[in-house]
Each structure stands twice: as C-alpha cells, then as structure tokens.
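Throughout, read-outs are computed from the coordinates displayed, never taken from laboratory work. Because the structure is a prediction, the values reported are computed rather than measured. Cβ placement follows ideal geometry from the backbone for every residue including glycine, while neighbour counts extend to all protein chains displayed.
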Amino acid sequence: MTKVLFLCVHNSARSQMAEAFLKKHGEGRFVAESAGLEPGSLNPYVVRAMAEVGIDISANPVKSVFDLFKQEKVFQVIVTVCSKEAAERCPVFPGLAEREHWPFDDPSTFAGADGEIMARVRRLRDQIELSVRDFVDRHPAERG
C-alpha cells in the first residue's frame, strides 16, 4: 500500500479533508495520514462541511509533522495543501519518492456571515475531493 501524508499549516482543515477523502476513495490501496507545521484545533466549519457529506472528522487528532518525522515514519507521497511558502518549511522525509503541491485557500482566513463562510468551505471541500479522486486515478493499484 502507498503511504500518503497530507500537510498544511495547522492540520485543522485542508489536510484533514484530504486524508478523509483518500480513506473514502482510495479503495484500500493507500494509508493516509495528515499533519501540520503548527498544529491547531479542528476548524468547526470544516467539521460541519465534512459531516454534510457523511464523513465525521470531529474526533480526529491534530498532529505535528515534526513528530511524525521524529518517529521516522516513511511516506511514498507527501502532498502539501497549503501555500508554497509554508510547504517549503516541511521536513524532508527519508525514502520520499514523490512530492505534490495542491495550493488551497486556508479556511481559517474566510470571513463573513456563517452562511458565507460555509459556502466557501463547501467549495473548498469539493475542490479537495476532486483533487483526491484525481490522485487515486493517477496512482494505479500496485501489481503483486
């Protein structure tokens, strides 16, 4: 199985959604984890948006990428879902075969009324799901 790590700044939104969607759409071919540079707490708008599509992330832990690095975890693919500048601060994991960058807006910066923020988070959620589906399509099942 291909081990995939999704990274963003706080591990509170984008990387959590990507991890959840890979677990849903990955057909059992991937081991998905997510982490952040500066772990925060789960974004409540993201928790709500994911629940709308039947995925409960409300109990997911937020993790530090540096803790995973210290644990000497090995990933075949690392996908950064934050800005290019933040992605450049991520550690280099040993044995890394592939690195991808999917720059998505940070929902912690979304402002406005509740409905406006939720609309933007839903768009973001759907964009991330499409990117994950494309990722699955580009990574065929390993031949045994």
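Observations on the structure shown:
- Shape call, segment 2-138: gyration tensor on alpha carbons, a/c limit 1.5: prolate
- Residues whose amide H lies under 5 Å from that of F6, counting only those 5 or more places away or on a different chain, are E33, S34, A35, V79; hydrogens are built 1.01 Å from N in the peptide plane.
- Phi to ³J(HN,Hα) by Karplus 6.51 cos²θ - 1.76 cosθ + 1.60 over segment 32-47, Hz, x for Gly, Pro: 10, 9, 9, 7, x, 6, 9, x, x, 10, 4, 6, x, 5, 5, 4
- Cα centroid of segment 101-144 to Cα centroid of segment 23-60, whole Å: 11 Å
- Residue order, fewest to most beta carbons within 10 Å, for V79, V47: V47, V79
- On Cα atoms only, tilt of 14-25 relative to the major axis of the chain in degrees: 70 degrees
- Rounded FRET efficiency, nearest 0.05, which uses the C-beta distance separating F66 from A111 and R0 of 41 Å: 0.85
- Hull-based mean projected area of segment 1-80, where the convex hull spans the alpha carbons, in square nanometres: 4.9 nm²
- Here the chain is scanned for GluC sites (Glu not before Pro) in DSSP loops (not H, G, I, E, B) that have at most 16 other Cβ atoms within 10 Å, and the longest stretch holding none of them is 89-141.
- Spatially close Lys pairs in segment 2-138, defined by Cα atoms under 16 Å apart and a spacing of eight or more places or different chains, total 4.
- Backbone geometry of segment 52-58 corresponds, through the Karplus equation with coefficients 6.51, -1.76 and 1.60 at θ = phi - 60°, to 3J(HN,Hα) couplings of 4, 9, x, 10, 9, 10, 4 Hz, x marking Gly and Pro.
- Karplus 3J(HN,Hα) series, Hz, for segment 108-124 with 6.51 cos²θ - 1.76 cosθ + 1.60 (x for Gly, Pro): 5, 9, 5, 10, x, 6, 3, x, 5, 5, 4, 4, 5, 5, 4, 4, 4
- Whole-number percent relative contact order across segment 2-138, with pairs defined as alpha carbons under 8 Å at least 6 apart: 29 percent
- If the chain linking R138 and K23 were pulled fully straight, counting 0.36 nm for each residue of separation and taking away their Cα-Cα distance, it would gain 39.8 nm.
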